[in-house]
Amino acid sequence: MNWKKLFLNWRIILLLTFLLFSLVAIQPQFFGNEGVTIKSVQKDSSASLAGIANPSAKLTPLSKEKIIAVDGVMVSNADEYYNIVNGLSVNRTVRIETNDGTYTLLTKGDETGTVDLGFKVADAPTSNLRKGLDLEGGIRVLLKPVDPATQDELQLTIDNLKERLNVFGLSDVVVRSAKDLSGEDFIVVEIASVTEEEVRDLLSRQGKFEAKIGNETVFYGGKKDITYVCRSAECSGIDPQRGCTAIADGQSCTFFFSITLSPEAAERQAALTRDLEVISENGGSYLSKDLTLYLDDQEVDSLKIGADLKGRATTNIQISGSGSGITQQEAMDDTLTSMKRLQTVIVTGSLPVKLEIVKLDTVSPSLGKQFLNNVLIVGLLALLAVIVVIFLRYRTLKIVVPMLLAMLSEVAIVLGFAALVGWNLDLAAIAGIIVAVGTGVDDLIVITDETINGEAITDWKKRIKNAMFIVMGAYLTTLAGMIPLLWAGAGLLKGFALTTIAGISIGVLIARPAFAVVIEFLLKE
Amino acid sequence: MKFDKLKKVYEHKYKALTIIPFLILALAFIQIGVQYANTGDFLNRGISLKGGSAITITETFALSNDQLLLDLNQEFPLAQVSLRTLNSVGNDLGVTIESAFQEQAEIDGLVNFIVEETGLDKNNFGIEIIGSSLGESFFKQTFTALIIAFLLMGVVVFFYFRSIAPSMAVILAAFSDIVVTLAIFNLTGIRLSTAGIAAFLMLIGYSVDTDILLSTRVLKRKEGSVMERIYGAMKTGLTMSGTTISAVGVALFFVESEVVKQIMIVLFIGLLVDLVMTWIQNVGLIRFYLERKEKHKK
């Protein structure tokens, strides 16, 4: 047999080239990967002050910065990292070694005294494949504008939502627009490894923040009126004067943080307080009307204004609000989360359109991991079943082995393609790959039968041509089935449709012609 | 031998045999009609196609499933709560609790009640909520997608064979396959989700595969008699269906994810139905067509 001639056939060269590209794109780390990957870096945290940047969502999984060691102790998984950080004490330096360099961080504690360096980390990935939400855990929210919105407004809303989530400390987010067949607009938000409670309000609230005296608005949330929002421990947190108190069914706490108003907003406040009366209450002097804070037209808190502020243009204001819980710890946590949310909407301002949540999926990370393992095992078993049937039919390794190799190459090239364009592989996409491989096997059988049964036709080229005629017909009809799915249902089945289309196209154009060459070569003898 | 007899019937009584697929198709239409008369809908729609919520719990809890369902229905009489156990290879994997609730506050109430009853951590629950207007539009659109896909497939088939009768036979086989599969799926009582509709779309591709193979071999090849070509196509076609059915069957048995499981159930039923539609219905019609063509020549 002339093996050299086989490997010089352009179809084989094409297949091998694509396989090589896939390998480069996926970069499987066969021997595991050291360290933990930084998923996000919180603003104003120890880590960001030390100069570690929040990783961009566009980076491929393997190119994100990794923490290798903390204070010289190697970390190999996320649990180890969190264990080490929990053992640190406040206000000391800690040395973080990453694959890019070494940083010295000053530890900061939160109200409860636990150290948080500001990193969110995950086990280092073993390839460049991105796992979708239903395999990794997280939430997917489908939002719809309550009133029709222009494309500009939608884009602005998307940018604003991204900023909100970033300010809130999440970087591993996808926010994109989607259209369905009837032309309705949606916004899809996917966030890995968070719980729904943390982000629900951030996404569904328009975030219209207003401070009013009487019926007059003094200032709005957003950069125009508020130039700075304090989020460090010195000027934000649980209010030391008001603290926590017992209420009917548990505890209630109050938070505070200071903001800086723009000169125009301060001037407005001065004008509005100039004509108010001074009244005495509980031994202090206050103005006759309160400064009331509203979020989306609901009152958040009402603040007394000190008499000395009458008619003065102060730029420094303290904002407050409250939270509650059954125990004091729960109440404090709830209060601090509310504070963080309020700070976030004040920084980023309100959304240009009002959104409502029309679909929400939450997948717990443990469930996702279980699904992934299961789907891999099922894939292998299905492959095994296919091989058994093929072997029973043909009873020769000359046919079974090339078929197996063709199937595996198709899977590898589809995965390589997914890694290259940064697709998230979710369950639907994996189902798509299985379908593509399924039609692939069908085509391989057609090619094999056309070549071994076509004894009457002496011309091998004609035999292959006959086979490819049937293969193309099957390809075009499957394609016809998948194309409408690209648009239906706000694009939620797009992942499935795209993977299937990519899979069958790669199969028909690359893997299956190469298989035909190999079969011709092996059976011609 | 029995097999020879069967072969004889298959070869000579093909016109009578086509009654079988058409009878099945008629029964399927009756099932769908009865379904429509009873429920006002011609299929069992899951929450992703009509709105509602699903809470998936994969941890074990002391309370029995029946007791939990009873308590839930007592506490939330308006929620139309239903409970489904998830299992794979006979192993209990957990439960999914579906309800008509769509408002966040209502679902919070439901979740908190389940937490109280079972003592589990709600952060480990999987929760899916879908508004009814969106569910309705999902249904309409995926259904539209199915019709568009079917038409596109028809165009491809016509373009391929450029002859009306054989193309119609292929399209009829695919159509019968989808209708009969839907009727059988209805009988299982499983509620169809968007993933299920996607599976129906895939079925178009899988079902037409063997029909194209058959038509090409019989109409475009010259070697051998018509019957020999049909048997040749059958050998290839049955290997194709054999690999796919065994792969889908294995997946159906072992898979844990409901999304993938539903896709596999639809494909499994569809591929079995396709055997009848391709090798009895389509073969019958093609032979009928060839016979008439012969007569015209004479």
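Details
- The single condition among (1) modelled with pLDDT under 85; (2) at the interface with chain B (Cβ under 8 Å from one of its Cβ atoms); (3) under 24 Å from B:Phe268 (Cα atoms) that A:Gly432 does not satisfy is (2).
- In the range A:460-472, the residues that are over 19 Å from B:Asp209 (Cα atoms) reach residues that are modelled with pLDDT under 80 with C-beta atoms within less than 8 angstrom, at least six apart or across chains, in these pairs: A:Trp460/A:Lys524; A:Lys462/A:Gly454.
- Evaluation of B:Gly284 against the conditions (1) more than 24 Å from B:Phe175 (Cα to Cα); (2) crowded, with 18+ Cβ neighbours inside 10 Å shows that the sole unmet condition is (1).
- Checklist (1) part of a strand (DSSP E or B); (2) within 12 Å of chain A (Cβ to nearest Cβ); (3) closer than 20 Å to A:Arg140 by Cβ applied to B:Asn123, failing item: (1)
Residues checked against (1) without any contact (Cβ under 8 Å) to a residue 40 or more places away in the chain; (2) over 26 Å from B:Ile20 (Cα atoms); (3) aliphatic (A, V, I, L, M):
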position: B:Glu136; (1), (2), (3): no, yes, no
position: B:Phe143; (1), (2), (3): no, yes, no
position: B:Gly154; (1), (2), (3): yes, no, no
position: B:Leu201; (1), (2), (3): no, no, yes
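- Selection of the range A:27-60 for residues being aliphatic (A, V, I, L, M), out of contact with any Pro (no Cβ under 7 Å at 6 or more places or on another chain) and buried (at least 21 other Cβ atoms within 10 Å of the Cβ) yields A:Val36, A:Val41, A:Ala47, A:Ile52.
- Selection within the range A:324-337 - of a type outside the set (A, V, I, L, M, F, W, C) and out of contact with any strand residue (DSSP E or B) (no Cβ under 6 Å at 6 or more places or on another chain): A:Thr327, A:Gln329, A:Glu330, A:Asp333, A:Thr337
- Apart from one condition, A:Val358 fits all of (1) touching a strand residue (DSSP E or B) at 6+ places or on another chain (Cβ under 7 Å); (2) at pLDDT below 80; (3) closer than 30 Å to A:Ala431 by Cα; the exception is (2).
- The listed residues are B:Leu267, B:Leu252, and the only one of them that is modelled with pLDDT under 90, more than 7 Å from every other protein chain (Cβ to nearest Cβ) and either over 13 Å from the mean Cα position of the chain (by Cα) or within 23 Å of B:Thr96 (Cβ to Cβ) (or both) turns out to be B:Leu252.
- Pairs, first not assigned by TED's automatic domain parsing to the domain that holds B:Gln74 in the range B:93-108, second assigned to a strand (DSSP E or B) and buried (at least 17 other Cβ atoms within 10 Å of the Cβ), C-beta under 6 Å, six or more apart: none
- Residue satisfying condition, being crowded, with 24+ Cβ neighbours inside 10 Å, over 28 Å from A:Met468 (Cβ atoms) and β-branched (Val, Ile, Thr), within set B:Val276, B:Val250, B:Val255: B:Val255
- Contacts under 7 angstrom Cβ, first residue in the range B:215-236 being at the interface with another protein chain (Cβ under 9 Å from one of its Cβ atoms) and buried (at least 19 other Cβ atoms within 10 Å of the Cβ), partner of a type in the set (Asp, Glu) and outside any loop (DSSP other than H, G, I, E, B), 6 or more apart: B:Thr236/A:Asp449
- Of all residues in the range A:30-57 being closer than 15 Å to A:Val85 by Cα and in a loop (DSSP other than H, G, I, E, B), the one that is modelled with the lowest pLDDT: A:Ser45
- Members of the range A:290-318 found to be touching a strand residue (DSSP E or B) at 6+ places or on another chain (Cβ under 6 Å), among the aliphatic types (A, V, I, L, M) and either under 25 Å from A:Glu163 (Cβ atoms) or in contact (Cβ under 8 Å) with a residue 40 or more places away in the chain (or both), listed by number: A:Leu291, A:Leu293, A:Leu295, A:Val300, A:Ile305, A:Ile317
- Pairs with Cβ under 8 Å, 6+ apart, first in the range A:343-359 and in contact (Cβ under 8 Å) with a residue 40 or more places away in the chain, second part of a helix (DSSP H, G or I) and hydroxyl-bearing (Ser, Thr, Tyr): A:Leu351/A:Thr157; A:Pro352/A:Thr157; A:Val353/A:Thr157; A:Leu355/A:Thr157; A:Leu355/A:Ser204; A:Glu356/A:Ser204; A:Ile357/A:Ser204; A:Val358/B:Ser133
- Positions within the range A:149-176 being hydroxyl-bearing (Ser, Thr, Tyr) and either at pLDDT 80 or above or in the same structural domain as A:Ser232 (by TED's automatic domain parsing) (or both), in sequence order: A:Thr150, A:Thr157
- Scanning the range B:25-43 finds no residues that are away from chain A (no Cβ under 12 Å), more than 23 Å from the chain's Cα centre (by Cα) and either within 16 Å of A:Leu360 (Cα to Cα) or crowded, with 17+ Cβ neighbours inside 10 Å (or both).
- Pick from the range A:375-428, criterion of a type in the set (D, E, K, R) and assigned to a helix (DSSP H, G or I), ranking: farthest from the other protein chains (Cβ to nearest Cβ): A:Lys398
- Residue within the range B:162-177 that is among the hydroxyl-bearing types (Ser, Thr, Tyr), at the interface with chain A (Cβ under 9 Å from one of its Cβ atoms) and under 30 Å from B:Met277 (Cα atoms) present: no
- Here A:Thr344 meets each of (1) within 11 Å of chain B (Cβ to nearest Cβ); (2) in contact with a helix residue (DSSP H, G or I) (Cβ under 6 Å, 6 or more places away or on another chain); (3) of a type in the set (Ser, Thr, Tyr) with one exception, condition (1).
- Matching residues, the range B:44-95, being assigned to a strand (DSSP E or B), within 11 Å of chain A (Cβ to nearest Cβ) and closer than 16 Å to B:Gly119 by Cβ: B:Ile55, B:Ile57, B:Gly94
The values are calculated or read from the model by the stated rules, or taken from the named source; none is laboratory data. Small disclaimer: the values here were computed from a predicted structure and weren't measured. Here Cβ is always computed from backbone atoms with ideal geometry, including for glycine, and neighbour counts include all displayed protein chains.
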